[in-house]
Ligand SMILES: Cc1ncc(COP(=O)(O)O)c(C=O)c1O
């Protein structure tokens with residue numbers, strides 16, 4: 001039976017961005033039975049033994065406690081499980097000298113849910129029929145933003161400027177303040193810091209400038225801190241969370257080893273928190289309390305922040321160092337390849353200027369060498385103008401073994417050499 005779908009049904013029953021590519025990757029892996037692929041596409045974090053042990057210990061502690069029945073056998077408050085709320089508030093107040101109260105926090109079933117609430121409570125059509133835009137100030141950004149709004153026309157991303165020349169074969173995106181518009185037509189502003197897919201960390205000044213543009217119109221600025229300190233602390237450059245009247249600090253415990261338990265956390269002005277909380281009550285009542293109860297233990301004891309700094313961050317920083325070294329050793333020096341500065345997250349982002357094929361064709365060609373990466377074009381949700389750069393990038397996951405990264409990058413270097421130095425095959429000469 002194929003039921004008739006509403007507009008929203010149509011919208012939400014399609015996979016967007018990388019999820020659509022993942023389907024191709026799964027089919028490739030299935031069809032290539034016997035053929036070994038090095039998969040550098042994963043967004044799933046690595047299971048690090050120390051991190052798994054932490055969650056195991058917290059679970060054992062919960063199981064042995066009187067709290068267990070209360071946690072799993074009862075509904076709770078939509079705002080979140082009280083011990084987790086207290087643990088996060090105490091941690092942030094102490095760590096950053098803040099004065100947050102329990103009115104400033106909401107726990108959600110993963111941070112993706114949080115962006116869905118915001119996208120549809122603050123973006124889309126007002127009761128007067130005006131379109132409120134969801135502004136992504138620096139494109140590329142997290143592909144998942146492409147799927148959160150019921151009104152795709154609400155999403156508006158801005159092309160960045162490119163910082164080049166500070167080091168050979170490196171670059172960095174910067175917000176283009178000469179183009180960026182945050183006006184009364186903006187519903188809210190959203191960006192990831194550190195950024196998935198690029199590893200970019202917007203500077204304090206850049207964030208403050210964005211916040212200042214939004215303040216006069218009472219526009220919330222949501223900072224997606226899925227990779228930020230204090231957990232998972234996947235920043236390789238100095239950074240601290242920023243707070244302010246219109247800033248909402250949005251966290252996720254997924255990259256701190258708990259993606260299966262679905263825990264997102266929003267910290268911000270109580271009026272914004274209240275709107276998001278009501279949305280959540282209507283949608284799903286609350287996040288899983290089992291995950292919240294073990295997270296409360298890991299945060300209150302300081303163990304999560306500690307393991308983030310001593311285990312999670314060094315693991316991925318080491319992978320990035322291997323990637324950088326291998327690229328410098330193996331990639332053709334004469335080809336115009338550029339690695340985005342690795343300031344955080346669990347990915348590397350490569351740009352091939354004047355690439356003679358599209359990113360999608362590059363991805364297909366690399367599969368022939370037994371290597372799977374993610375083509376870059378799905379990471380530009382909401383960017384309306386045609387920009388060749390969108391078809392010249394790839395994302396490489398830092399979740400593989402060291403030797404796999406090295407082998408895969410050697411293949412990649414061979415492909416790049418072939419594409420730039422040899423006469424392109426006719427079917428590869430198409431530009432996207
Ligand atoms: C930047 C960013 N934001 C949000 C999410 C969603 O995370 P979750 O819903 O698991 O908290 C991800 C997941 O990869 C991400 O990379």
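The values are calculated or read from the model by the stated rules, or taken from the named source; none is laboratory data. Source: prediction; values computed, not measured. Because the Cβ atoms are built from the backbone with ideal geometry, glycine has one as well, and the counts that use them run over all protein chains shown.
Laid out as a table, the results:
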quantity: Members of the range 220-236 that are in a loop (DSSP other than H, G, I, E, B) and in contact with a strand residue (DSSP E or B) (Cβ under 7 Å, 6 or more places away or on another chain); calculated: 220, 225, 226, 227, 228, 229, 234, 236
quantity: Single condition residue 171 does not satisfy, out of (1) at pLDDT 95 or above; (2) under 18 Å from the mean Cα position of the chain (by Cα); (3) surrounded by 19 or more Cβ atoms within 10 Å (Cβ to Cβ); calculated: (2)
quantity: Residue in the range 374-385 that is more than 16 Å from the ligand (Cβ to nearest atom), over 18 Å from residue 196 (Cβ atoms) and modelled with pLDDT under 95 present; calculated: yes
quantity: Positions within the range 133-150 being in contact (Cβ under 8 Å) with a residue 60 or more places away in the chain and under 20 Å from residue 113 (Cα atoms), in sequence order; calculated: 134, 136, 141, 142, 143, 144, 145, 146, 147, 150
quantity: Counted residues, the range 141-154 - those being touching a strand residue (DSSP E or B) at 6+ places or on another chain (Cβ under 7 Å) and in a loop (DSSP other than H, G, I, E, B); calculated: 5
quantity: Which listed residue is more than 11 Å from the ligand (Cβ to nearest atom) and either buried (at least 24 other Cβ atoms within 10 Å of the Cβ) or assigned to a helix (DSSP H, G or I) (or both), from 184, 205; calculated: 205
quantity: Any hit, the range 285-305, residues being without any contact (Cβ under 8 Å) to a residue 12 or more places away in the chain, surrounded by fewer than 21 Cβ atoms within 10 Å (Cβ to Cβ) and farther than 26 Å from residue 60 by Cα; calculated: no
quantity: Residues that are within 16 Å of the ligand (Cβ to nearest atom) and farther than 18 Å from residue 336 by Cα, drawn from the range 158-181; calculated: none
quantity: Only listed residue being closer than 19 Å to residue 111 by Cβ, within 16 Å of the ligand (Cβ to nearest atom), touching a helix residue (DSSP H, G or I) at 6+ places or on another chain (Cβ under 9 Å) and modelled with pLDDT under 95, chosen from 146, 199; calculated: 146
quantity: Scan of the range 217-237 for residues that are away from the ligand (no atom under 13 Å from the Cβ) and closer than 21 Å to residue 274 by Cα, ordered by number; calculated: 217, 218, 219, 220, 221
quantity: Looking only at the range 7-39, and only at residues there that are surrounded by 11 or more Cβ atoms within 10 Å (Cβ to Cβ) and in a loop (DSSP other than H, G, I, E, B), the one that is modelled with the highest pLDDT; calculated: 37
